[in-house]
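What follows is a short report on a single structure.
The values are calculated or read from the model by the stated rules, or taken from the named source; none is laboratory data. Small disclaimer: the values here were computed from a predicted structure and weren't measured. Reconstructed Cβ throughout: ideal geometry from the backbone, glycine too, with neighbour counts over all protein chains shown.
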Amino acid sequence: MELQEQKRVSLAYLPTPITELTRLSQFLGGPRLFIKRDDLTGLALGGNKTRKLEYILAEALAQGADCLITAGAIQSNHCRQTAAAAATLGLECHLVLGGEAPELANGNVILDTLLGAHLHWSGDNRKGEDIPALVATLQAQGKQPYVVPYGGSNVLGATAYVAAMEEVMRQTHSGFTHMVIASSSGATQAGMMVGQRHYAPQCDIIGVAIDKEGIGDTRFEDTVLALANDTAHYLKLPIHFDAKDVLLETGYTGAGYAVIGDAEREAIALTAQLSGILLDPVYTGRAMAGLFGMIRAGKFRATDRVLFWHTGGAPALFAYADALQPAQMTQSVMNQYPD
Ligand SMILES: Cc1ncc(COP(=O)(O)O)c(C=O)c1O
């Protein structure tokens with residue numbers, strides 16, 4: 001395929017490891033569970049956006065950009081990794097963050113600042129609505145800004161996850177029956193769908209929806225579908241997806257984006273205590289809660305091999321300290337821990 005010819009800058013430590021979650025799988029009485037450690041991609045505490053930025057920022061450099069702009073929620077992992085990539089490449093970085101400047105910065109906001117990013121607070125607009133005005137301002141100052149799309153989700157970002165699927169196939173030839181990922185702006189799932197068709201036809205790619213709403217007026221399933229088809233087309237692969245090909249679990253969005261409930265608390269704590277691995281409160285904690293739910297609902301056979309993708313985000317654990325206090329852990333989940 002054409003993947004080798006895609007321009008990319010090297011930012012990530014690849015391949016990321018795959019390990020088996022033996023104790024977690026035994027505790028849940030489920031299929032064999034494995035984890036792909038994309039939280040270890042390297043760029044200022046890692047995550048899935050580092051892979052995407054390798055392809056997106058190759059375009060930025062080719063266009064002669066001298067500064068990057070992107071947007072996200074206050075604790076955006078995407079923004080933090082963009083700030084780190086900008087620092088690596090010597091570019092100025094502007095982050096448009098939802099909400100108001102906190103009195104005491106925490107989690108990713110501290111890291112954004114340490115990485116030298118300029119922060120712009122955008123109130124209720126957490127998906128980049130304020131970017132055009134900032135582009136105009138920077139251009140008026142004689143700068144050449146490049147806008148990194150929301151969540152790094154365009155065909156370049158998705159291409160990184162086509163490549164990630166190739167990486168998994170090179171790492172393990174025994175194959176997985178299912179892969180489970182947190183899905184929010186869509187390019188991780190879309191790229192994996194394309195990679196799955198190309199490299200691993202027997203495997204189901206299951207996204208766990210993180211947000212209740214879609215993006216803009218579009219249903220999230222339709223965003224993923226369009227992105228998967230656009231990516232296949234961009235890579236000149238003879239692959240086409242229909243609506244039924246987007247496997248999305250929408251029943252785990254709880255009380256909404258970044259609202260941490262008992263399901264996330266249980267998933268984060270059990271995974272930590274049965275594997276020593278820290279998930280994050282917003283994305284992978286929720287996706288793992290989805291995996292627990294699917295196992296408990298009998299979705300998998302004992303012979304299945306399920307790969308959970310850890311897409312990063314642990315710096316946000318500290319920003320949600322109020323939802324992760326020992327007292328809450330005791331009430332909601334401690335009583336079911338194994339000895
Ligand atoms: C830790 C983490 N996992 C998963 C995702 C979702 O990936 P995508 O936006 O490609 O759907 C994000 C996106 O913000 C993230 O920060």
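Would you check which residues across the range 288-307 are within 16 Å of the ligand (Cβ to nearest atom) and either over 26 Å from K49 (Cα atoms) or touching a Ser or Thr at 6+ places or on another chain (Cβ under 8 Å) (or both) and list them?
Here is the first cut: in the range 288-307, the ones within 16 Å of the ligand (Cβ to nearest atom) are 288-291, 307.
The one that is within 16 Å of the ligand (Cβ to nearest atom) and either over 26 Å from K49 (Cα atoms) or touching a Ser or Thr at 6+ places or on another chain (Cβ under 8 Å) (or both): M288.
So which residues in the range 126-156 are at pLDDT below 95, under 21 Å from A105 (Cβ atoms) and away from the ligand (no atom under 16 Å from the Cβ)?
D130
Looking only at residues in the range 161-192 that are more than 9 Å from the ligand (Cβ to nearest atom) and hydroxyl-bearing (S, T, Y), which one is farthest from S10 (Cα to Cα)? Spell out the reasoning first.
Our first condition is that a residue be more than 9 Å from the ligand (Cβ to nearest atom); within the range 161-192, this holds for 162-180, 192.
Now narrow it down to the ones that are hydroxyl-bearing (S, T, Y): 172, 174, 177.
Working: T172: 23, S174: 28, T177: 30 Å.
The extreme case among them is T177.
Show the residue pairs that are 6+ apart or on different chains and have beta-carbon atoms under 9 Å apart, the first residue being within the range 207-227 and at positive phi, the second being of a type in the set (S, T, Y) and more than 9 Å from the ligand (Cβ to nearest atom).
G216/T223
Would a scan of the range 84-93 turn up a residue that is among the aliphatic types (A, V, I, L, M), free of Cβ contacts under 8 Å to residues at least 40 places away in the same chain and within 16 Å of the ligand (Cβ to nearest atom)?
So far as the range 84-93 goes, no, none of its residues is among the aliphatic types (A, V, I, L, M), free of Cβ contacts under 8 Å to residues at least 40 places away in the same chain and within 16 Å of the ligand (Cβ to nearest atom).
Given (1) more than 11 Å from the ligand (Cβ to nearest atom); (2) modelled with pLDDT under 95, identify the lone condition not met by Q196.
Among (1) more than 11 Å from the ligand (Cβ to nearest atom); (2) modelled with pLDDT under 95, the lone unmet condition for Q196 is (2).
What single numbered condition from (1) touching a Ser or Thr at 6+ places or on another chain (Cβ under 7 Å); (2) under 24 Å from E59 (Cα atoms) fails to hold for I35?
(2)
Is it the case that some residue within the range 226-244 is away from the ligand (no atom under 16 Å from the Cβ), among the basic types (K, R) and over 28 Å from L317 (Cβ atoms)?
yes
Quick check: is even one residue across the range 74-85 surrounded by fewer than 20 Cβ atoms within 10 Å (Cβ to Cβ) and in contact with a Phe, Trp or Tyr (Cβ under 8 Å, 6 or more places away or on another chain)?
In the first step, residues of the range 74-85 are kept if they are surrounded by fewer than 20 Cβ atoms within 10 Å (Cβ to Cβ); the result is none.
No, the range 74-85 has no match at all.
Looking at the range 4-18 only, could you name the residues that are without any contact (Cβ under 8 Å) to a residue 60 or more places away in the chain and hydrophobic (A, V, I, L, M, F, W, C)?
A12
Go over the candidates A297, A289, A269 one by one and state the one that is over 18 Å from the mean Cα position of the chain (by Cα), at pLDDT 95 or above and closer than 16 Å to Q328 by Cβ.
Working: A297 fails: closer than 16 Å to Q328 by Cβ; A289 fails: over 18 Å from the mean Cα position of the chain (by Cα).
It is A269.
How many of the residues in the range 56-73 are closer than 22 Å to A163 by Cβ, more than 13 Å from the ligand (Cβ to nearest atom) and crowded, with 20+ Cβ neighbours inside 10 Å? Don't jump to the end; show me each part of the working.
Step one: filter the range 56-73 for residues closer than 22 Å to A163 by Cβ, giving 56-63, 68, 70.
Checking which are more than 13 Å from the ligand (Cβ to nearest atom) leaves us with 57-63, 68.
When the remaining residues are screened for being crowded, with 20+ Cβ neighbours inside 10 Å, the result is 57, 60, 68.
Of the residues in the range 56-73, 3 are closer than 22 Å to A163 by Cβ, more than 13 Å from the ligand (Cβ to nearest atom) and crowded, with 20+ Cβ neighbours inside 10 Å.
Here's the yes/no breakdown for (1) in contact with a Gly (Cβ under 8 Å, 6 or more places away or on another chain); (2) crowded, with 17+ Cβ neighbours inside 10 Å; (3) not assigned by TED's automatic domain parsing to the domain that holds G293:
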position: T218; (1), (2), (3): no, no, no
position: L225; (1), (2), (3): no, yes, no
position: H233; (1), (2), (3): no, no, no
position: P238; (1), (2), (3): no, no, no
position: A243; (1), (2), (3): no, no, no
position: A255; (1), (2), (3): yes, no, no
position: I260; (1), (2), (3): yes, yes, no
position: A263; (1), (2), (3): yes, yes, no
position: E266; (1), (2), (3): no, yes, no
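Out of the helices (runs of 4 or more DSSP H) lying entirely within the range 212-300, which hold 1 or more residues that are touching a Lys or Arg at 6+ places or on another chain (Cβ under 7 Å)? Let's see the steps before the verdict.
On the way: elements: 220-234, 262-275, 284-296.
The qualifying helices (runs of 4 or more DSSP H) are 262-275.
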